[in-house]
Amino acid sequence: MGVAVFPRQSGKDVAMSMEAISRRLQIPKSTGTYVSLDNPMIRDILWDKTYIGDEGEYLHLLKDNTPAELVNWKDTSMEGRFSNGSKQKFQGYFQAGRDKNGVGTSFQDYSFTELALFTREDPLPRLMPILANPREDKKLMVASTPRGKRRNPLWQLMESFKGSPDFKVIVRTIDDLNEIMRRNGLPPVLSEDELEQNRDAYLRRFGNDRMFEQEYYCSFEEMDAAAVYGEAYMRMANEDRIARFNLNVAHPVYVTFDIGSSGKHSDATSWIAWQWINGKLFLYDVGEGHGRALPEYVDDLHAKPYFNQIAQIVLPWDAEHHETAINATPADMVRLKFPRVAVLAKSNKVWKLPGGRTDDYTQITDIQQTRMQLYNTIIHEGNCQWLLECMENYKYEFSTKLQEWTDRPLHDKYSHMMDALRYTVQATKEVDFFGGNLFDPTATAKSSSYEEDWEGVW
């Protein structure tokens, strides 16, 4: 078994695929499978991959690097059939929502790309009985970039076989690769200027450089670098801001909702009870559920010991949109149970720092706004366990086609509570804007009058 831990865009799939094809040429009638998460991913990163040759022409990575008389490439099934009777298959582990995996047949060799992404299911336990057969010369090859340690099949594999004579691990950082290129008289994979630009981009997008260290320096830092609020979460824990506390009876309590969709596959409705005291956000209690009408959640709040302290229920901007079936808005429905309801201004998800020319404004997203507030936030450890779990697991989406992290968080079971958190942070700004209370629907000043003010935020 061999594991190659390499940086992003280092050619690890090129090297591993060439090794797999070489094995098919060397061992007549042998079989191998090259496995990624799904078929679109394997097509994007390898099967359909092209590059520019020495003459400026586009070449196909697989087809144009193996003599045509030695292998017949079948596009529909994504496999190569070799003249010596060998076969090399390329396939996805998960297909179209079915747990059809790429290891259902016994192969001579198994190659897994980006094993660290297989968090849905670790494929290796299925393979171990096959690989352990002493009568056959089986081989497992893995090429991946790190993704933290927890729930990571790559890290688990490395730890399980550490010290085994038949298990080899190669770790190469971007500096290692650049040095290899230098010794061979070739330009670096990435120059120092390019690396610094990439580091700055990660800092701006994600609020830390842990993902940069992961992607280019193969860091297995404990907290998943893809966690949207990972850095803030770690600081909260280190600074003892995840703790038990009592509500301040001299200050109002607000409850912010993220309204879930209805239907058979409805999204969750989530809520957060909080206080805003001298610029500090205290998250005291949370709740979440599926398939219930919004007023039922207000009934739940009636049973809370702090109900009489609730000043307003805060809903997102679309709460004023009518529900077609009942000709009423979610805000109307909540007001039947609790009259003091505020609806947030519609966010364009971009805030601009005042000052300078218009085209010089620094743009920050609503996620960045939330991240900054979390550095001045206290969370109740006992009441907010689900909120804390969501913060830990709320992650950016990885583009298998582009082979890079996007700035869009995944929409999954953790995202609904995190939407409620974003609305909560926006609500704190509106509380300040309206002089300590959210807008009164009967007053002249509306939530839509609110404007973001980022003066002095840096």
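The lysines within cross-link reach of residue 446, meaning a Cα-to-Cα straight distance under 25 Å and a gap of 8 or more places when in the same chain, are 280, 337, 346, 349, 352, 429.
Which of the peptides 298-308, 371-381 is most tightly packed, and how do the rest follow, judged by the mean count of other Cβ atoms within 10 Å per residue?
Working: 298-308: 13.5, 371-381: 18.6.
Top to bottom by mean Cβ count within 10 Å: 371-381, 298-308.
Listed from fewest to most Cβ neighbours within 10 Å, the set 245, 434, 107 follows the order 245, 434, 107.
As a rough footprinting exposure proxy, the listed residues 336, 70 were ranked by other beta carbons within 10 Å of their own, and the order from fewest upward is 336, 70.
Using the count of nearby Cβ atoms within 10 Å as a rough guide to exposure, how do 73, 405, 274 rank from fewest to most? Working shown, then result.
Details: 73 17, 405 20, 274 29.
With the sparsest Cβ surroundings first, the list reads 73, 405, 274.
Counted residue by residue at 0.36 nm each, then reduced by the alpha carbon distance between them, the extension gain from residue 161 to residue 346 reaches 61.3 nm.
If you average the sequence gap of Cα pairs under 8 Å that are 6 or more apart and divide by the length of the range 2-172, what percent do you get for the contact order?
The normalised contact order for the range 2-172 reaches 32 percent.
Taking the average, over residues, of other Cβ atoms within 10 Å as the packing measure, peptides 276-286, 140-150 rank 140-150, 276-286 from highest down.
Coordinate-derived values only; no laboratory data. From a predicted model like this one, the values you see are computed outputs, not experimental measurements. So basically every Cβ, Gly included, is an ideal-geometry build from the backbone, and we count neighbours across all protein chains shown.
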